[in-house]
Every structure is written in structure tokens, then in C-alpha cells.
There are 2 protein chains.
Amino acid sequence: MPTTKSGSYHHGDLRHAVLTAALDVIATEGPGALSLRDLARRAGVSHAAPAHHFKDRTGLLTAIAAEGYELLADALADAADLRERGVRYVRFGIEHPAHFQVMFQPDLLRGDDAALLAARARAGAELRTGVAEVPATGRGENARLAGIAAWSLAHGFATLLLSENLREPVGGRDPEEVFRTLAELLFSGSRASRK
Amino acid sequence: MPTTKSGSYHHGDLRHAVLTAALDVIATEGPGALSLRDLARRAGVSHAAPAHHFKDRTGLLTAIAAEGYELLADALADAADLRERGVRYVRFGIEHPAHFQVMFQPDLLRGDDAALLAARARAGAELRTGVAEVPATGRGENARLAGIAAWSLAHGFATLLLSENLREPVGGRDPEEVFRTLAELLFSGSRASRK
DNA sequence: CGAGCAATCTAGCCAGCGACAAGTTCAAGT
DNA sequence: ACTTGAACTTGTCGCTGGCTAGATTGCTCG
């Protein structure tokens, strides 16, 4: 697994190696189990090497969060409608659980990091675009509320899913499909038109 | 409160003191900043004293989570209807941010703890009761979906609120009130059984 | 009443961690 | 050839969690 670089005692791509190892650890054991020294060991480098790429532990987590927001923005970019955008949101949580966990835990992050803020803004814009596309929700106050509602629904569903709280109610079914019918059920009534 | 005899020994009530200090730390700096030794220092006892009441760090967090589920169940108990129950859920998150954060981070908890499981079951029952009370959602599949939807909405709203992600859209308004109108907006149209 | 006993707390230890500082190697660019 | 700077190593400090052994306390029961 350690990208064997015979001869060169400079690891070929340590930043990437540490990043992916970190995602693996977070996804399986949670962010609390993350240790820079452990990551260094996995990559076959000295204990202080990772710090050169990510200042400190918070820096690493912040980089992961920023990457997560970029991935989320990408994932939302070309969705058909608002409901599909919600499905993408949920899918993002399922496919990138480590990113997702870190992104929404502000106490783990450097909140003023430039890359993080930029990525978050991009994802936020993508989110808001999705709401604006729905004609019936209309303008002003209602549009904003609908946006919060949609985001809350998708985020809550994804969060509960990742925290094992929806294991029983969802059963063996595909979570994305469950969410799709869920969203249809709810938003069908919030506009004038019925199905 | 939870099954404690709380006699006055060396400290008086160390368990309670540590618990409240922990909640304070978590609420202000997050669960990652929690240190048993720091809590011991605050309580004026030796560094190993807290471990006697809560086995280890995970034990402390598990106790907090269990207490959180108890508090949540209490909070949901006498709500008028489903929407109000959602408002209570959000309010719980706002009033007990430390509990809320810990409850839904499984990697911090001892998942097989008896007290935790009992408390979680109680809160879960309370949650399901709230859904069953709504007549229009009806029976079977739709009822379950509506339950997931309601929970997701409330949970997502609370989570986003606590992670500072709703600061701008909510603005200066009362979050509970925002959620109330939100829930009304969504659930007003979902009563007629579709399909 | 007083002796045992268990709950509570202390003190000391170890391995591991994050952060920092200073040195080392390497690949360029001038 | 010499410098410059990035990537990495080595060493160290203070802190943490968790363990163990031992001390103290107060409750209970004979």
C-alpha cells in the first residue's frame, strides 16, 4: 500500500497519501481516532512529515472539509431538479462519509481558512441555485424558507443515516430511493400542483 | 438525576460536577477538547478520580448521550401535535447543544451501553408516537415515511443550526419560529394519501 | 458501638500524541 | 559551483488516557 518509491527518500505524493489514509480512518473509526503519527506510519515517513503539508491536525481536517465542499458542489452541479439535488446530497453523504462528518463539525476546523471558505461558498451557491429553479416556491420569504426546508430535510436524512439511526426504518431498501419518495411526499404539497 | 445516590464523600458529588463541567466544555469547544484530567482539575480532585465514575472518556460521553436521550424524551412527551414535537426537537438542540452533539456521534460512544440503549429506545418511542398521532398520514408505509421525513427535517434543521450553517438564512429571527412555519409549509400538503 | 467492607479518591507509572525546533537531503535555478 | 527552498528526519516537551496499587472515607451490619 505505501506507494513504494525505491531510492527517493522523498515520498512521491505524501500529501495525497496522508489525505486518503485520513479519509479511511475517519470513515471507519471517526475523526477522534485520527492521529497524525499514525498516518505518518502508514505512509512510511517520519512522525513529523505530515505536519509539513498540513500545519497541524486541524489543518488536515480543514483540508478534508474544503475538499468535501468541492466534491459536494461538483455533485450538485448538474442535477435535474430540486428533488434530484436532494438525492445527490444524500448520495454524497453516503459515498463520502468521512468528508461529510468533518464538514459539519466546526470545532474540528479552522473556520477562517481561505480554501474552506471558498469551497463552502461554492457549495452554498449550488444549493441556493437548486431552490431558485423551483418556480412554484416563488420569490422572497417563501423561497428562502423552502431552501432551508430542502436543505434541512436532505441534511437530516443523510446525518441520521450516517449515525446509524435510520438503519431500522430504512431497512434493506436503497436509501436514495427512500429519500426520493420522501421528498416527493413532502414537496408535492408545498407547491400548488399535485403530482 | 440518573440513578445516582450522590452521597457526600470526599468531593460531595463528583459525578455531577464532572458531568456539568463536561457539558460546558463540549458546548463551547466541542467534544474533541474534552479532557478527563482537565475536568478533574476543575473539580479539584486527582486526575484519576473521574475514571471511577465513568470508566473512561468514552464512558463519560456515553453517559452524556444517555442523559441527552432522556432529556429529549422528556421534552417530546407532552407536545400537542407533530409540528410542535418538531419544534421541541429543535428547541432541545438549542438548549442542550452539548448533549445533542454527542448523541449523534456514534464513534464517541459505547454503542452497547445499557443505559444508552434504554434512553434511546425511550426517545425513539416518543418520536414514533408523535407520527402515529397524525391521522392523515395514515397507516403502514406512508406513516413510516412521514416519520422519517419529520425526523429528518427537525434533525437537519437543528444540526445545521448548531453547526453555524443557518446563521445567515435564519438571520435574527427566532429559530423555533422559523422551523414552525417551515414545518407548516411542508406538511400542509402532505396529508392526502398519494401514490 | 465498632469492625468490616465497599465506594471513593490519591499517587505513580507508561505509552502515545501534537506541536515545535533544528538539522538533513534533494532538486532545482542562477 | 553555490544558493535557495521545499520535503523530510530527529529530538524533545508537555499533555493525555488508562492502568495499578494504595489510602481514606462513610455506610452497614453484627
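The values are calculated or read from the model by the stated rules, or taken from the named source; none is laboratory data. All figures in this text were calculated on a predicted structure; none of them were measured in a lab. With ideal geometry, Cβ positions are generated from the backbone for all residues, glycine too; neighbour counts draw on all protein chains shown. Surface areas here come from the heavy atoms of the whole protein model, side chains and all, with no ligands, DNA or RNA. Shrake-Rupley method; radii C 1.70, N 1.55, O 1.52, S 1.80 Å.
For peptide A:160-171, the mean count of partner chain Cβ atoms within 10 Å of a residue's Cβ comes to 4.
Out of every Cα-Cα pair in chain A, what percent are more than 22 Å apart? Counting pairs separated by more than 22 Å, the tail of P(r) holds 54 percent. Between helix B:82-95 and chain B there is an angle of about 30 degrees, using the helix long axis and the longest principal axis of the Cα atoms.
In the assembly of identical copies, residue A:117 has its label point, taken 7 Å from Cα in the direction of the beta carbon, separated from the corresponding points by 4.8 nm (ascending, one decimal).
At the nearest 100 Å², what buried accessible area, both sides summed, do you get for B and A when the probe is 1.4 Å? Write down the numbers at each step before the final one.
Working: alone 11290 and 11280 Å², together 18950 Å².
Answer for the B-A pair: about 3600 Å² buried.
Between this copy and the others, label points of residue B:84 are 4.2 nm apart in ascending order, each placed 7 angstrom from Cα in the Cβ direction.
State the percent of C-alpha pairs, over all pairs in the protein assembly as shown, separated by a distance greater than 35 angstrom.
The answer is 31 percent, as a whole percent.
Compared with the dominant principal axis of the Cα atoms in chain A, helix A:175-190 is inclined by about 40°. Averaged per residue, segment B:64-187 has 41 square angstrom of accessible surface, using a 1.4 angstrom probe with ligands and nucleic acids left out. Based on DSSP H segments of at least four residues, each scored -39500 (n - 2.57), chain A has a per-residue ellipticity at 222 nm of -21500 deg cm²/dmol. With the convex hull drawn around the C-alpha atoms of segment A:14-53, the volume per residue stands at 53 Å³. With respect to chain B, whose longest principal axis is taken over its alpha-carbon atoms, helix B:57-77 is tilted by about 40°.
Ranked from shortest, the separations from the 7 Å Cα-to-Cβ label point of residue B:172 to its equivalents in the other copies are 5.6 nm.
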